[in-house]
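The values are calculated or read from the model by the stated rules, or taken from the named source; none is laboratory data. Values in this document were obtained by computation on a predicted structure and should not be read as measured data. With ideal geometry, Cβ positions are generated from the backbone for all residues, glycine too; neighbour counts draw on all protein chains shown.
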Amino acid sequence: MCPFPPTPPAMVPLDMNNPRTVVIVAGEASGDLHGAHLVREMKALDPSLSFCGVGGANLEAEGVRLIARSSEMAVVGLTEVFSKLRFIAGVFFRLRGMLRKEKPDLVILIDYPDFNLRLASEAKRAGVPVFYYISPQVWAWRKNRIHRIRQVVDRMAVILPFEKDVYAEMGVDVDFVGHPLLDAVNRSRSREEALAAFGLRDAWPLVALLPGSRAKEVTSLLPEMAGAAEILIRDFPDAQFVLPLAETVDPALVQGILSGHPVPVTVLTGQMYDAVGISDAAMVASGTATLETALLGTPMVIAYRISPLTAAVGRRVIRVQHIGLVNLIAGRTLAPELVQENATAQRLAAEVKALLMDRERRDAIRCELAAIRSKLGQPGASLRAACLAYGLLKN
């Protein structure tokens, strides 16, 4: 039974010869993860559903037929859009053709707003209902997008508590479902088991490097994070560094960058939660990873770099005091934010060293990070979102 909305959607007789089709678009790694959980819950409601669209390994593992991969779609800032514009446009036109000719029963859009809002308009013209999960951050910038959202989105599900009021006051049909990371972020191993699995010593400190899930983020931030590791090991000779690699990042790119820095970094395929959960501190690219790190209780320093052009535009339009999700939810600075020219190896090392040298501060931060969880609603966000989406399916 669906815990939300109160009345479960009516189940339909299974017709495996004529399954209803859902198009799902997750243009980034975090959307792929949350989308996979959503698909799993929708299939539990109705195993006859068929899914296709844009995503990554997680959605593919749930049986979604991919027409493009999120790793090919993810961009950071204005300048990177230009380099991928032709490919992204090709995917858009293919999806538009699918909406017009094949008439799927539902479109599910996950974040990725510039692309997805255009696709929502096409779905509206084609008479296909639109469910938007994990909304555009209109509270941070370009709030006027809400008017368009009201016109082309049939139902919105938000995952941050303050988002519901922002949308509701503008007439959008919106529900707060809680944050899906509450169900996903858990360690699978004890500290001793994780250290053994990763080939690490039981030594202090252990520092995690999280340079992002997009190639542009990695090329901008990993050299500085690796440089910071070089500086830190001078003050902490027993320090170890671990880098859990995002599925969307080419391992050769990471190894190429690390080869230019004479400090050992243990690179892992996935296993982020175990790696970060046992770390004493972390350097984290701004994004979903800051919230994941917070839920694991690890003190962090947030880094963010985009092109000068995008930064100049952003300074004019962004209306929030923080860039890190953990700081936005807390309403204050729990994690230092190093942005643009401040995101250097020297500054990163200094902030991490300050954390490592002050045990009382680390303990206080961990207590405040634990309180973040209570602000994100209750577990079960994916199921609640699945019930809402299922209710939109054309009968």
- Message: Between ALA246, ALA226, which is crowded, with 18+ Cβ neighbours inside 10 Å and within 22 Å of ARG201 (Cβ to Cβ)?
- Response: ALA226
- Item | Sole exception among (1) surrounded by fewer than 19 Cβ atoms within 10 Å (Cβ to Cβ); (2) aliphatic (A, V, I, L, M); (3) touching a Phe, Trp or Tyr at 6+ places or on another chain (Cβ under 6 Å) for VAL64, by number | (1)
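Considering each of VAL263, VAL267, VAL185, VAL254 in turn, give the residue that is among the β-branched types (Val, Ile, Thr) and surrounded by 21 or more Cβ atoms within 10 Å (Cβ to Cβ).
Only one candidate qualifies: VAL254.
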- So, first residue assigned by TED's automatic domain parsing to the domain that holds ASP114 and under 18 Å from GLU28 (Cβ atoms) in segment 81-92, second residue surrounded by 11 or more Cβ atoms within 10 Å (Cβ to Cβ) and modelled with pLDDT under 80, Cβ within less than 6 Å, six or more apart or across chains; the pairs are VAL81/VAL75; LYS84/VAL75
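Of everything in segment 267-303, what is of a type outside the set (S, T, N, Q) and either on the phi > 0 side of the Ramachandran plot or free of Cβ contacts under 8 Å to residues at least 24 places away in the same chain (or both)? Give them in sequence order. So that I can check it myself, show each step before the final result.
Taking segment 267-303 as the starting set, the residues that turn out to be of a type outside the set (S, T, N, Q) are 267-268, 270, 272-278, 280-285, 287, 289, 291-292, 294-297, 299-303.
GLY270, GLY287, GLY297 - these are the residues of segment 267-303 that are of a type outside the set (S, T, N, Q) and either on the phi > 0 side of the Ramachandran plot or free of Cβ contacts under 8 Å to residues at least 24 places away in the same chain (or both).
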- Which of the residues that make up segment 195-221 are free of Cβ contacts under 8 Å to residues at least 60 places away in the same chain and in contact with a strand residue (DSSP E or B) (Cβ under 7 Å, 6 or more places away or on another chain)? ARG201, ALA203
- Mind telling me which of the residues GLU192, GLU224 ends up being at negative phi, more than 26 Å from the chain's Cα centre (by Cα) and part of a helix (DSSP H, G or I)? GLU192
- Pair list, Cβ < 9 Å and 6+ apart or interchain, from segment 168-179 residues that are outside any strand (DSSP E or B) to residues that are of a type in the set (Asp, Glu): ASP173/ASP154
- Note on the structure: Taking segment 144-167 and keeping only residues that are more than 18 Å from the chain's Cα centre (by Cα), touching a residue at least 24 places away in the same chain (Cβ under 8 Å) and surrounded by 15 or more Cβ atoms within 10 Å (Cβ to Cβ), one is left with ARG145, ILE146, ARG148, ILE149, VAL152, VAL153, ASP154, ARG155, VAL166, TYR167
- Query: For segment 112-120, does any single residue satisfy the condition of being loosely packed, with under 15 Cβ neighbours inside 10 Å, under 15 Å from GLY31 (Cα atoms) and within 17 Å of the chain's Cα centre (by Cα)?
  - Reply: yes
- Message: Among the residues in segment 345-360, are any assigned by TED's automatic domain parsing to the domain that holds PRO237, modelled with pLDDT of 95 or more and under 22 Å from the mean Cα position of the chain (by Cα)?
- Response: no
- Of the listed residues (GLN321, GLN271), the one being modelled with pLDDT under 95, more than 23 Å from LEU160 (Cα to Cα) and touching a Ser or Thr at 6+ places or on another chain (Cβ under 9 Å) is GLN271
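Checking the condition hydrophobic (A, V, I, L, M, F, W, C), touching a Gly at 6+ places or on another chain (Cβ under 6 Å) and within 30 Å of VAL263 (Cα to Cα), which residue from ALA345, ALA349, ALA354 passes? It would help to see each step written out before you state the result.
Numbers: ALA349 fails: touching a Gly at 6+ places or on another chain (Cβ under 6 Å); ALA354 fails: touching a Gly at 6+ places or on another chain (Cβ under 6 Å).
Within the list ALA345, ALA349, ALA354, the selection yields ALA345.
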- Note on PRO244: of the conditions (1) under 20 Å from LEU338 (Cβ atoms); (2) assigned to a strand (DSSP E or B), unmet is (1)
- So which residues in segment 293-317 are at pLDDT 50 or above and among the hydrophobic types (A, V, I, L, M, F, W, C)? ALA294, LEU295, LEU296, MET300, VAL301, ILE302, ALA303, ILE306
